[in-house]
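K.L.:
Supplied in structure tokens, the structure appears directly below.
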Amino acid sequence: QVQLVESGGGLVQPGGSLRLSCAASGIIFSAYPMNWYRQAPGKQREWVAGVSSGSDTSYANAVKGRFTVSRDNAKNTVYLQMNSLKPEDTAVYYCNTVHRGRNWWGQGTQVTVSS
């Protein structure tokens, strides 16, 4: 059973920073690409960033240059460092991986960017 547990969300002012964490279990973590998605109220869930098993990274255009995804295989954890946050970054952020052909999701962590 794959488990993904996100943490690190909260309320931050525009221009501020947050670091999200996602602890994974039930998989050989180092072998799996990991992704971050987000879902804002009334909108579809959207892909934000991904990191391959070899630590290659990719980003959605909306966050490129502001967010950094990384992984620590020793801790079975993937991170999302979010800088220069904007109100439009407000969303529930989810960790994701695909295992045996199925998408697995964490419970999500709320990020609110507001003054």
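K.L.:
Given a cut-off of under 8 Å on Cα pairs at least six residues apart, what relative contact order in percent is computed for the range 1-55?
P.N.:
Here the relative contact order equals 28 percent.
K.L.:
Using a 1.4 Å probe on the protein chains only, how many percent of the accessible area of the range 1-90 belongs to carbon and sulfur?
P.N.:
About 46 percent, which is the carbon plus sulfur part of the accessible surface.
K.L.:
Using θ = phi - 60° and the Karplus form 6.51 cos²θ - 1.76 cosθ + 1.60, what ³J(HN,Hα) does each residue of the range 16-28 get, whole Hz, x for Gly and Pro?
P.N.:
Going residue by residue, I get x, 10, 9, 10, 8, 10, 9, 8, 10, 8, x, 9, 7 Hz, with x marking Gly and Pro.
K.L.:
Among the trypsin sites (Lys or Arg not before Pro) in the range 64-115, which ones are in a DSSP loop with at most 13 other Cβ atoms within 10 Å of the Cβ? Mind listing them?
P.N.:
LYS64, LYS75, ARG100
K.L.:
Could you rank THR109, THR57 by how accessible they are, 1.4 Å probe, largest area first?
P.N.:
THR57, THR109
K.L.:
Here is a follow-up. May I ask you to give the solvent-accessible area per residue for the chain, in square angstrom, as obtained with a 1.4 angstrom probe?
P.N.:
53
K.L.:
Assigning unit charges at the beta carbon (Lys, Arg +1; Asp, Glu -1) and nothing else, what dipole magnitude in debye, to the nearest 20, does the chain show about its Cα centre?
P.N.:
100
K.L.:
Now for a separate question. For the chain, with the dipole built from +1 on Lys and Arg beta-carbon atoms and -1 on Asp and Glu ones, taken about the Cα centre, which of LEU80, TRP47, SER17 lies farthest toward the positive end?
P.N.:
Positive-most Cα among the choices belongs to TRP47.
K.L.:
A further question follows. Please report, in whole Å³, the volume per residue of the convex hull around the C-alpha atoms of the chain.
P.N.:
Expressed per residue, the convex hull around the Cα atoms of the chain is 93 Å³.
The values are calculated or read from the model by the stated rules, or taken from the named source; none is laboratory data. Predicted, not measured: the structure shown is a model, and the values here were computed from it. A quick note on method: Cβ atoms are made from the backbone with ideal geometry, for glycine too, and the neighbour counts reach across all protein chains shown. Areas reflect the complete protein model, heavy atoms only, side chains present, ligands, DNA and RNA absent. Shrake-Rupley method; radii C 1.70, N 1.55, O 1.52, S 1.80 Å.
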